[in-house]
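Below: the structure, in structure tokens.
The values are calculated or read from the model by the stated rules, or taken from the named source; none is laboratory data. The structure presented is a predicted model; accordingly, all values stated were derived computationally and were not measured. No Cβ is skipped: glycine too gets one built from the backbone with ideal geometry, and neighbour counts run over all protein chains shown.
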Amino acid sequence: MVERILAAEPVSAPVEAAMRTVPRELFLPDLPPEAAYQDQAVVTKRDIYKNPVGSVSQPSVVAAMLEALRVEPGQRILELGSGGYEAALLARLTGRTGSVVSLDLEETVVRRTHECLGTAGYTGITALVSNGRFGFGLRAPYDRIVVTFDTPDVPQDWFDQLVEGGRIIIPLHLRGLTHTVAFAKVGGILTSDAIRPFAFGPMQGFGVPRRTTVTLAGGARLDVGPDQDVDVDALCAALAGPRHTVGTGVIVAPDDTLLLSSLDLWLATAQPTLGRLHTDTPTYQTGPVTETIPPGAPAIWTDATLAFLALGHTTGDGLEIGVIAYGPDRTRLADQLAHDVRVWNTEHRGELPTIHVYPRGVVEKSPPPGRRFDLPSAQVLISWG
């Protein structure tokens with residue numbers, strides 16, 4: 001497993017040593033050993049609605065997050081969302097002089113984490129039932145915090161419990177899109193230095209801002225931010241009407257997730273509205289929404305018009321990004337989205353922005369240019385160049 005990960009995700013010697021040392025099969029006792037070493041996430045618990053509430057993360061994702069976290073011996077680490085495997089890796093990296101606290105809202109998940117850690121011999125890790133939104137002030141401050149669930153907010157407690165100069169990794173869910181971001185805390189502000197297109201299960205518990213998914217016609221679903229309004233009836237009516245398509249001339253490889261992540265973030269800063277459009281497989285050819293960029297397409301909308309990205313003509317180098325639009329304003333909206341894709345291609349292709357997160361009420365004297373987004377507990381600024 002480690003050899004396959006290293007081929008795709010080079011990591012430092014300490015992270016490699018930890019990955020080789022911690023036996024993943026002990027944290028997945030219900031699986032055959034060979035299955036435990038596949039590079040995939042494994043759901044360990046679901047709620048009554050069949051939604052995953054406990055899991056052991058994909059090893060290559062864990063390796064990338066550990067590398068971005070930059071753990072050093074003797075550090076105090078807080079893990080929000082518990083599975084046991086990553087906590088053991090963190091304990092290996094921080095060593096006997098460090099400490100790891102792992103929190104999860106689900107009692108059965110924490111009990112299972114205790115059992116697996118005990119079997120693997122990692123008895124010094126503190127695993128507790130607690131709402132990760134509030135961190136764990138009794139052991140604060142922490143040198144490193146790692147969040148293992150998608151979150152549409154950055155709570156004040158995370159700022160307060162992270163030391164100045166510390167690092168935190170957050171799967172930030174913004175405008176229907178999730179990007180896992182590594183931040184350093186400098187001057188009380190979080191500033192990104194690594195962004196990856198990794199997504200996790202949603203944040204659970206009291207006080208969590210709810211994500212909004214609206215169901216449209218033809219099996220389509222639009223995942224939007226809580227601050228974005230959608231006229232569902234009007235968009236459903238639009239999808240029943242004629243469509244307008246525009247090519248962009250921009251070619252991408254559909255499996256280049258990091259490149260597509262760059263495009264997602266550019267559109268989030270360029271467009272006043274942005275969400276992600278998902279379709280069920282049977283509707284790709286039969287419904288009003290045709291094949292889009294998996295696992296969903298960046299989409300923009302007005303009151304009664306919807307436009308989204310789609311993969312078009314095949315070329316020798318990949319697929320052309322096109323735009324499909326429905327509704328009375330479909331020509332203008334499609335041209336607008338296509339223009340922004342072309343601007344990204346000429347000015348920002350292959351780049352990633354810098355993401356700054358400010359606690360509520362904090363105003364920087366000379367903030368960099370960019371687009372601001374209000375979260376319940378913080379403000380996000382995305383800047384390019």
query: Wholly within region 101-217, which strands (runs of 3 or more DSSP E) include no fewer than the required count, namely at least 2 residues that are at pLDDT 95 or above and farther than 30 Å from LEU306 by Cβ?
result: 126-129, 142-147, 162-174, 177-186, 189-196
- prompt: Is it true that some residue in region 23-35 is among the small types (Gly, Ala, Ser), surrounded by fewer than 23 Cβ atoms within 10 Å (Cβ to Cβ) and assigned to a loop (DSSP other than H, G, I, E, B)?
  reply: no
message: One residue is enough: does region 315-322 have a residue meeting the conditions over 24 Å from ALA253 (Cβ atoms) and touching a His at 6+ places or on another chain (Cβ under 6 Å)?
response: no
task: Just need a number here: residues in region 218-227 that are part of a loop (DSSP other than H, G, I, E, B) and surrounded by 16 or more Cβ atoms within 10 Å (Cβ to Cβ).
output: 1
message: If I filter region 1-17 down to residues being farther than 18 Å from ALA41 by Cα and either among the aliphatic types (A, V, I, L, M) or not assigned by TED's automatic domain parsing to the domain that holds SER82 (or both), which single residue comes out as modelled with the lowest pLDDT?
response: ALA7
- request: Provide a single number: the residues in region 122-150 that are out of contact with any helix residue (DSSP H, G or I) (no Cβ under 8 Å at 6 or more places or on another chain) and polar (S, T, N, Q).
  value: 2
Per-region count, region 141-170, residues more than 16 Å from GLU86 (Cα to Cα) and either in contact with a strand residue (DSSP E or B) (Cβ under 8 Å, 6 or more places away or on another chain) or surrounded by 21 or more Cβ atoms within 10 Å (Cβ to Cβ) (or both): 19
message: Could you tell me how many of the residues in region 85-105 are under 13 Å from VAL71 (Cβ atoms) and not basic (Lys, Arg)?
response: 13
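Results for (1) over 30 Å from ARG167 (Cα atoms); (2) modelled with pLDDT under 95, shown as yes or no for each residue.
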| site | (1), (2) |
| --- | --- |
| ALA310 | yes, yes |
| THR314 | yes, yes |
| GLY318 | yes, yes |
| ILE321 | yes, yes |
| ASP329 | yes, no |
| GLU351 | no, yes |
| HIS356 | no, no |
| GLU364 | no, yes |
| PHE373 | no, yes |
field: Given (1) in contact with a Lys or Arg (Cβ under 7 Å, 6 or more places away or on another chain); (2) touching a residue at least 60 places away in the same chain (Cβ under 8 Å); (3) closer than 21 Å to PRO226 by Cα, number of the condition GLN379 does not satisfy
entry: (2)
- request: Go through (1) under 30 Å from ALA234 (Cβ atoms); (2) surrounded by 14 or more Cβ atoms within 10 Å (Cβ to Cβ); (3) out of contact with any helix residue (DSSP H, G or I) (no Cβ under 6 Å at 6 or more places or on another chain) and name the single condition TRP384 misses.
  value: (1)
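Specify which of the listed residues (VAL56, VAL42, VAL61) is touching a residue at least 40 places away in the same chain (Cβ under 8 Å) and among the β-branched types (Val, Ile, Thr). Working first, answer last.
On the way: VAL56 fails: touching a residue at least 40 places away in the same chain (Cβ under 8 Å); VAL42 fails: touching a residue at least 40 places away in the same chain (Cβ under 8 Å).
Exactly one of VAL56, VAL42, VAL61 is touching a residue at least 40 places away in the same chain (Cβ under 8 Å) and among the β-branched types (Val, Ile, Thr), namely VAL61.
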